[in-house]
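This report refers to the structure that appears directly beneath it.
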2 protein chains.
Amino acid sequence: MNIILFEPKEIDYPLPLADERAGHILNVLERRVGDSFDAGIINGAKGKGMLKEIRENELVIDFQLNEETASPFPVDLVVGLSRPQTNRKILQEATSLGVRSIHFITTERGEPSYASSRLWTTGEWRRHLISGAAQAFSTRLPAVAIGQSLLETIEKLETASLRIALDNYEATSSLESALVDTQSFTLCIGSERGWTGGERKVLKDSGFAMAHLGQRPLRTETAVVSGVSIILSRSVWK
Amino acid sequence: MNIILFEPKEIDYPLPLADERAGHILNVLERRVGDSFDAGIINGAKGKGMLKEIRENELVIDFQLNEETASPFPVDLVVGLSRPQTNRKILQEATSLGVRSIHFITTERGEPSYASSRLWTTGEWRRHLISGAAQAFSTRLPAVAIGQSLLETIEKLETASLRIALDNYEATSSLESALVDTQSFTLCIGSERGWTGGERKVLKDSGFAMAHLGQRPLRTETAVVSGVSIILSRSVWK
């Protein structure tokens, strides 16, 4: 955690000592009364939190949050629903890299049960976004959509984006070679078992270029970090 | 597991049913007597294993391993020792990407205890290399060195490599901009708490360019996949 994030309504109340952020402030950051730490409001401003009082069951914090935070990068990530452990990493890492949206889609070769995992039904997924943003010293969370089909998802995405899908079998170039200077990007990564013929047709009909990350099959979460990094490296990490 | 890997001497004996590879062959790949699967010898040839007989406690496999396997890519990764959970991911992901060596160094801001974790003392680390190679459909493991200092490590590395260190604070360019066409690369990534002044001096005196992956601080394992991917994307993923 490089910044401690709070929901907008949380900053009006003391922070319970049982909250893991209270433990982080006292035990990891070792802050005492009068000390400050980096703080922010989820999807809002950032600045400092000052530890004003340590009560028996809660911390009283005085917030000074005046800094605007940068928007996420213009990258929309579409990725096949996978095992919860894989999706946790994707939520955390894609957020820390700074994509503006993540769409976890159902795919023809994915397990339908993935969409009903506790990760999605309990709201746990949002904690991984907050963790990724806090790692990146940002307050901004990407928009997340869960369980729609490839076609439904593509139809809602910005048509002016450069559209690239990763495909180990039908790639016509490397991701690097498929990139052109443009304003925004959509990167589509399939389920672990790959795309079906029907899905490939949807992608091609929707203007996606099929690209690869070398010949070695990568885990989905590795391909996400790899693909998003190559796009950001060529467009915004100047 | 996209290929099942065996130590050289294992292929002369039946595979115990208690071995997790036996479970994978029978239950995940659903192979029966007469069926084949992709197999390889660690750091050796690959080809097919044919399930010849299922005994009470073991599988008898007939190996046909005649295909040469490609060497890893000419990338040496130097990374600060971190928490075991972080290092497990780095071992797996850097191997799946195909680096030729990984040097886990002690750093001035790293915990000295990291080098004595069970990950390193029990030989568990090698299992993560095998898992990474099997994911990438390769038999080749990178060379791994553990617990040496930055200076000791640099002195042993190829001097003709393009030397780049990631540094959020003293970077003079992005990693992308620091890359030039060359034969081999050394990528140096610090501990989670960053480099000290002394370490920065060692890096600069040894010809390392200081580069960044944008302004957002990334977890070490994310920076490894990101940095290695950008290097491979520019050099070998054609």
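Restricting the stretch A:162-176 to residues that are at pLDDT 95 or above and among the polar types (S, T, N, Q) leaves a set whose member that is nearest to the chain's Cα centre (by Cα) is A:Ser174.
Scanning the stretch B:166-181 turns up at least one residue that is buried (at least 22 other Cβ atoms within 10 Å of the Cβ) and touching a residue at least 60 places away in the same chain (Cβ under 8 Å).
Residue-by-condition table, conditions (1) within 14 Å of another protein chain (Cβ to nearest Cβ); (2) small (Gly, Ala, Ser); (3) more than 29 Å from B:Arg234 (Cβ to Cβ):
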{"site": "A:Gln148", "(1), (2), (3)": "no, no, yes"}
{"site": "A:Ala171", "(1), (2), (3)": "yes, yes, no"}
{"site": "A:Glu176", "(1), (2), (3)": "yes, no, no"}
{"site": "A:Asp181", "(1), (2), (3)": "yes, no, no"}
{"site": "A:Thr186", "(1), (2), (3)": "no, no, no"}
{"site": "A:Ile189", "(1), (2), (3)": "yes, no, no"}
{"site": "A:Trp195", "(1), (2), (3)": "no, no, no"}
{"site": "A:Gly207", "(1), (2), (3)": "no, yes, no"}
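Within the stretch A:213-238, the residues that satisfy the criterion of being under 17 Å from A:Tyr169 (Cα atoms) and within 7 Å of chain B (Cβ to nearest Cβ) are A:Leu213, A:Gly214, A:Arg216, A:Pro217, A:Leu218, A:Arg219. B:Asn43 - would you say it is under 19 Å from the mean Cα position of the chain (by Cα) and on the phi > 0 side of the Ramachandran plot? Spelling it out, B:Asn43 is indeed under 19 Å from the mean Cα position of the chain (by Cα) and on the phi > 0 side of the Ramachandran plot. Kindly indicate the residue of the stretch A:182-205 that is without any contact (Cβ under 8 Å) to a residue 60 or more places away in the chain and within 24 Å of the chain's Cα centre (by Cα) and also surrounded by the most Cβ atoms within 10 Å (Cβ to Cβ) among those meeting that condition. Among residues in the stretch A:182-205 that are without any contact (Cβ under 8 Å) to a residue 60 or more places away in the chain and within 24 Å of the chain's Cα centre (by Cα), the one surrounded by the most Cβ atoms within 10 Å (Cβ to Cβ) is A:Leu203.
When you check A:Glu158 against the structure, is it out of contact with any His (no Cβ under 9 Å at 6 or more places or on another chain), surrounded by 22 or more Cβ atoms within 10 Å (Cβ to Cβ) and among the charged types (D, E, K, R), yes or no? Here the answer is no, as A:Glu158 does not meet what is asked.
In the stretch A:117-128, what residues are buried (at least 17 other Cβ atoms within 10 Å of the Cβ) and farther than 14 Å from B:Arg219 by Cα? The answer is A:Ser117, A:Leu119, A:Trp120, A:Trp125.
Here A:Ser226 passes the criteria (1) touching a strand residue (DSSP E or B) at 6+ places or on another chain (Cβ under 8 Å); (2) closer than 16 Å to B:Val225 by Cβ except the one numbered (1). Within the stretch A:187-238, being touching a Leu at 6+ places or on another chain (Cβ under 9 Å) and hydroxyl-bearing (Ser, Thr, Tyr) holds for A:Ser191, A:Ser206, A:Thr222, A:Ser226, A:Ser229, A:Ser233, A:Ser235.
Of the residues making up the stretch B:178-196, those that are of a type in the set (Gly, Ala, Ser), at pLDDT below 95 and on the phi < 0 side of the Ramachandran plot are B:Gly190, B:Ser191. Quick check on A:Arg140: is it surrounded by fewer than 17 Cβ atoms within 10 Å (Cβ to Cβ), within 14 Å of chain B (Cβ to nearest Cβ) and within 26 Å of A:Trp125 (Cα to Cα)? It is false that A:Arg140 is surrounded by fewer than 17 Cβ atoms within 10 Å (Cβ to Cβ), within 14 Å of chain B (Cβ to nearest Cβ) and within 26 Å of A:Trp125 (Cα to Cα).
Yes/no matrix, rows are residues, columns are (1) in contact (Cβ under 8 Å) with a residue 40 or more places away in the chain; (2) over 30 Å from B:Trp237 (Cβ atoms); (3) of a type outside the set (A, V, I, L, M, F, W, C):
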residue: B:Leu26; (1), (2), (3): no, yes, no
residue: B:Leu29; (1), (2), (3): no, no, no
residue: B:Glu53; (1), (2), (3): no, yes, yes
residue: B:Val60; (1), (2), (3): yes, yes, no
residue: B:Ser71; (1), (2), (3): yes, no, yes
residue: B:Ser96; (1), (2), (3): yes, no, yes
residue: B:His103; (1), (2), (3): yes, no, yes
residue: B:Arg109; (1), (2), (3): yes, yes, yes
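The values are calculated or read from the model by the stated rules, or taken from the named source; none is laboratory data. Quick caveat: nothing in here was measured; it's all calculated off a predicted structure. Neighbour counts are summed over all protein chains in view; Cβ atoms, including those assigned to glycine, are modelled from backbone coordinates with ideal geometry.
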